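Peer 1: The structure follows.
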Protein chains: 2
Amino acid sequence: MTKTYSIGELAREFDVTTRTIRFYEDQGLLSPRRRGQTRVYSPADRTTLKLILRGKRLGFSLAESRDLIRMYRPASDNRQQLEALLQRIADKRAQLERQLADIQVLQTELDDAEARTRQALTGL
Amino acid sequence: MTKTYSIGELAREFDVTTRTIRFYEDQGLLSPRRRGQTRVYSPADRTTLKLILRGKRLGFSLAESRDLIRMYRPASDNRQQLEALLQRIADKRAQLERQLADIQVLQTELDDAEARTRQALTGL
DNA sequence: GGGGAAGTTTACGTTAACGTAAAGTATTGA
DNA sequence: TCAATACTTTACGTTAACGTAAACTTCCCC
C-alpha cells in the first residue's frame with residue numbers, strides 16, 4: 001500500500017497554497033484520485049507537482065509545464081505522434097541550452113558588478 | 001560620434017514591438033535621449049534592452065531586471081548601500097545556481113523521455 | 001454536542017506585461 | 001504636393017496565474 005498525500009501536506013512541503021494546487025488541477029496538470037470529495041495525491045502526483053514548480057523557477061508557463069508532463073509519459077502508439085514528440089523534446093532541449101548560456105553570461109556580469117562594488121568600497 | 005538606434009531598429013533586431021520598448025521605458029528600465037519628440041537609443045540603451053530580454057528568457061520579472069540593471073551600475077557612494085548591493089548580488093547568484101541545477105535535472109529527464117520514446121518507436 | 005481544523009465549490013478581484021486602436025506629427029521619396 | 005513610413009501620446013482591452021472571500025461539509029476531540 002503506497003503512500004498518499006493530502007492537499008495540505010503538499011502545500012506545506014512545497015510552500016504553495018492549496019488554491020494553487022487546485023488551480024493546477026483545473027488547468028489539467030494534476031488529476032488526483034478522490035476519497036469521497038477529498039483529493040488524494042499519489043507519489044506520482046507529487047512528482048508532477050515538483051516538475052511544475054521546477055518549471056516555474058525557470059520561467060515556464062503552465063502550458064509549457066503541461067507539455068513537459070506529457071513528454072514524460074509515453075501516451076501514444078502512433079508513429080507520427082512519437083516523431084512529433086521527439087521533435088518537441090529536441091526543441092525543449094534547445095531552449096534549456098539557451099537558458100544555460102544566458103545564465104553563464106549573467107554570472108560573469110555579476111562577477112563584474114561585484115568586483116566594481118568592492119572597488120568602490122575600498123575607495124571610502 | 002557614437003552610433004544610435006531608432007526604436008524601430010531595436011524592435012526589429014530583438015524581435016519585440018515598439019510598444020514593448022516604450023513600456024520598458026515607462027517602467028523605468030530604459031531612458032533614451034530625445035531628438036525633439038523622437039527617442040534616440042545609445043549603444044548602452046541597447047545593451048540594457050539586451051539585458052532585459054535575457055532576463056525574460058530566464059523568467060525574470062521586469063522588477064527583477066530593473067534591479068539587475070541597477071546592480072550593473074555603481075550609483076552610490078554610501079557604505080550601507082554598497083554593502084546591501086553586495087548582498088543582492090549574492091542573492092541573485094544563488095538564484096542562478098538554483099536555476100542551473102533545475103536545468104540539469106530537466107536535461108536528464110529529457111534524456112529519459114527521449115530514450116523511452118525511441119524505445120516505443122522501435123517496438124512498432 | 002459543540003467547536004476547531006481541514007477539506008470542498010463557486011465566484012469575483014488583482015497584477016504583470018503587454019496588445020490594440022485611435023488620432024496626431026514629421027520626414028521622405030515619386 | 002501628396003501619400004506612404006515612422007514616429008508620437010493616450011487609453012482601454014486582454015491573458016496568465018493565482019488571491020481572497022463566502023458558504024458549505026466532514027471529521028475529530030474533549
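Peer 1: Does B:Phe60 count as touching a helix residue (DSSP H, G or I) at 6+ places or on another chain (Cβ under 9 Å), under 18 Å from A:Thr108 (Cα atoms) and either assigned to a strand (DSSP E or B) or within 16 Å of DNA strand D (Cβ to nearest atom) (or both)?
Peer 2: So B:Phe60 fits the description; yes.
Here is a yes/no grid of residues against (1) in contact with a Cys (Cβ under 9 Å, 6 or more places away or on another chain); (2) open to solvent by less than 40 Å² (accessible area, probe 1.4 Å); (3) modelled with pLDDT of 95 or more:
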{"site": "A:Leu68", "(1), (2), (3)": "no, yes, yes"}
{"site": "A:Ser76", "(1), (2), (3)": "no, yes, no"}
{"site": "A:Arg79", "(1), (2), (3)": "no, no, no"}
{"site": "A:Ala90", "(1), (2), (3)": "no, no, yes"}
{"site": "A:Ala94", "(1), (2), (3)": "no, no, yes"}
{"site": "A:Leu100", "(1), (2), (3)": "no, yes, yes"}
{"site": "A:Gln104", "(1), (2), (3)": "no, no, yes"}
{"site": "A:Thr108", "(1), (2), (3)": "no, no, yes"}
{"site": "A:Asp112", "(1), (2), (3)": "no, no, yes"}
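Peer 1: Please find, within region B:1-25, the residue that is nearest to B:Gln99 (Cα to Cα) out of those that are open to solvent by 90 Å² or more (accessible area, probe 1.4 Å) and in a loop (DSSP other than H, G, I, E, B).
Peer 2: By that ranking, first place goes to B:Asp15.
Peer 1: I've got another one for you. Does A:Thr20 satisfy the criteria of being more than 12 Å from DNA strand C (Cβ to nearest atom), within 16 Å of the chain's Cα centre (by Cα) and among the β-branched types (Val, Ile, Thr)?
Peer 2: Numbers: more than 12 Å from DNA strand C (Cβ to nearest atom): no; within 16 Å of the chain's Cα centre (by Cα): yes; among the β-branched types (Val, Ile, Thr): yes.
So A:Thr20 fails the test.
Peer 1: On to the next question. Out of all the residues in region A:31-51, which are open to solvent by 50 Å² or more (accessible area, probe 1.4 Å), of a type in the set (Ser, Thr, Tyr) and in a helix (DSSP H, G or I)?
Peer 2: Correct list: A:Thr47 only.
Peer 1: Only one residue in A:Gly28, A:Gly55 is of a type outside the set (Lys, Arg), part of a loop (DSSP other than H, G, I, E, B), open to solvent by less than 80 Å² (accessible area, probe 1.4 Å) and modelled with pLDDT of 95 or more, so which one is that? Outline the logic, then answer.
Peer 2: Numbers: A:Gly55 fails: part of a loop (DSSP other than H, G, I, E, B).
Checking each option against the conditions leaves just A:Gly28.
Peer 1: Failed condition for A:Thr47, given (1) within 13 Å of DNA strand D (Cβ to nearest atom); (2) closer than 15 Å to A:Tyr72 by Cβ, with all others met?
Peer 2: (1)
Peer 1: Follow-up question, since we're still on this one. Search region B:102-115 for residues that are free of Cβ contacts under 8 Å to residues at least 24 places away in the same chain and pair each with any residue that is open to solvent by 10 Å² or more (accessible area, probe 1.4 Å) and not charged (D, E, K, R) when their beta-carbon atoms are under 6 Å apart and the residues are at least 6 apart or on different chains.
Peer 2: B:Ile103/A:Leu100; B:Ala113/A:Tyr72
Peer 1: Shifting gears a bit: Considering only region B:44-57, state which residues are away from DNA strand C (no atom under 12 Å from the Cβ), touching a residue at least 12 places away in the same chain (Cβ under 8 Å) and either out of contact with any strand residue (DSSP E or B) (no Cβ under 8 Å at 6 or more places or on another chain) or of a type in the set (Val, Ile, Thr) (or both). Break it down into steps so the answer makes sense when it comes.
Peer 2: If we filter region B:44-57 for residues that are away from DNA strand C (no atom under 12 Å from the Cβ), which is where we start, we get B:44-48, B:50-51, B:54.
Then drop every residue that is not touching a residue at least 12 places away in the same chain (Cβ under 8 Å), which leaves B:45-46, B:48, B:50-51.
Once the filter is applied, which keeps residues that are away from DNA strand C (no atom under 12 Å from the Cβ), touching a residue at least 12 places away in the same chain (Cβ under 8 Å) and either out of contact with any strand residue (DSSP E or B) (no Cβ under 8 Å at 6 or more places or on another chain) or of a type in the set (Val, Ile, Thr) (or both), region B:44-57 yields B:Thr48, B:Lys50, B:Leu51.
Peer 1: OK, next. Which residue pairs have Cβ atoms closer than 8 Å, lie 6 or more positions apart in sequence or on different chains, and pair a first residue in region A:8-35 that is aliphatic (A, V, I, L, M) with a second residue that is more than 11 Å from DNA strand D (Cβ to nearest atom) and assigned to a loop (DSSP other than H, G, I, E, B)?
Peer 2: Filtered contacts from region A:8-35: A:Ile21/A:Leu30.
The values are calculated or read from the model by the stated rules, or taken from the named source; none is laboratory data. Not measured: the values here are computed from a predicted model. Backbone-built Cβ (ideal geometry, glycine too); neighbour counts: all protein chains shown. Protein only, heavy atoms only, side chains kept; ligands, DNA and RNA dropped before computing areas. Shrake-Rupley method; radii C 1.70, N 1.55, O 1.52, S 1.80 Å.
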